[in-house]
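Single-structure report; data block below.
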């Protein structure tokens, strides 16, 4: 059993039905987790001390659009004609960089741009929630405590490695970050310094963001030269068995 599972006894049920934590006690446990993992830098300890619980995050976790909308509703709201046109313009604008990503990782430009558009509306909406607050809040919630405790530790490693200051790590309510909305564990495993700046910045460097997306997809088994995701229309009376 991992240490993260011991966070569960700290959880309290509020009258609203949302699960919250005795946050100070939970934060102490997160600090212990970090120390046990060898994350003891001043920057990491300061980041832990500064985290705040955000009740709104728990509410959002319980009402994700992927859980309450049909696929067609989800798609129609996000893939509009204007969105597609914007994607085509950016496809042309960043063509040279996208071709380099394809050469290095085998992922065609159209897919990188499509992921970019879906995840952050082509970099317009990274999210404005402090990543450390988001991850700590979810780590102290019983639904997925173990997963988000691990993500919180990975976020601390990003700070430790000098890639981004904790105060500058803004993202979604669930802790996803940058142009492609990487979780911290994905960042640490697959993100690359594609612009050779000496650090990885998936917020401000499109080279790092696109290169990291290519690196991730290649590692996940992307087959160069093959297409993905074809829409089909089934005939009436199709035998689903």
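The values are calculated or read from the model by the stated rules, or taken from the named source; none is laboratory data. Note that the coordinates shown come from a computational prediction; the quantities given were computed from them, not determined experimentally. Here Cβ is always computed from backbone atoms with ideal geometry, including for glycine, and neighbour counts include all displayed protein chains.
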Taking the range 109-121 and the residues there that are free of Cβ contacts under 8 Å to residues at least 40 places away in the same chain and touching a helix residue (DSSP H, G or I) at 6+ places or on another chain (Cβ under 6 Å), the one that is farthest from residue 228 (Cα to Cα) would be 117
Write out, first by first residue and then by second, each pair whose Cβ atoms fall under 6 Å of each other, whose residues are 6+ apart or on separate chains, and whose first residue, in the range 129-158, is free of Cβ contacts under 8 Å to residues at least 60 places away in the same chain and on the phi < 0 side of the Ramachandran plot while the second is surrounded by fewer than 24 Cβ atoms within 10 Å (Cβ to Cβ) and not in a helix (DSSP H, G or I).
151/183; 158/164
Please verify whether the range 229-237 includes one or more residues that are touching a residue at least 40 places away in the same chain (Cβ under 8 Å), on the phi > 0 side of the Ramachandran plot, surrounded by fewer than 20 Cβ atoms within 10 Å (Cβ to Cβ) and in a loop (DSSP other than H, G, I, E, B).
no
Residue match in the range 118-125 (condition: more than 16 Å from the chain's Cα centre (by Cα) and assigned to a helix (DSSP H, G or I)):
no
Count - residues of the range 197-214 that are under 16 Å from the mean Cα position of the chain (by Cα), surrounded by fewer than 21 Cβ atoms within 10 Å (Cβ to Cβ) and either within 15 Å of residue 104 (Cα to Cα) or without any contact (Cβ under 8 Å) to a residue 24 or more places away in the chain (or both)
1
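Considering only the range 1-116, give the helices (runs of 4 or more DSSP H) lying wholly within it that have at least 3 residues that are more than 22 Å from residue 144 (Cα to Cα) and modelled with pLDDT of 85 or more. Lay out the reasoning, then the answer.
On the way: elements: 23-36, 42-50, 55-61, 65-68, 71-78, 81-93, 95-105.
Once the helices (runs of 4 or more DSSP H) in the range 1-116 are filtered for at least 3 residues that are more than 22 Å from residue 144 (Cα to Cα) and modelled with pLDDT of 85 or more, what remains is 42-50, 71-78, 81-93, 95-105.
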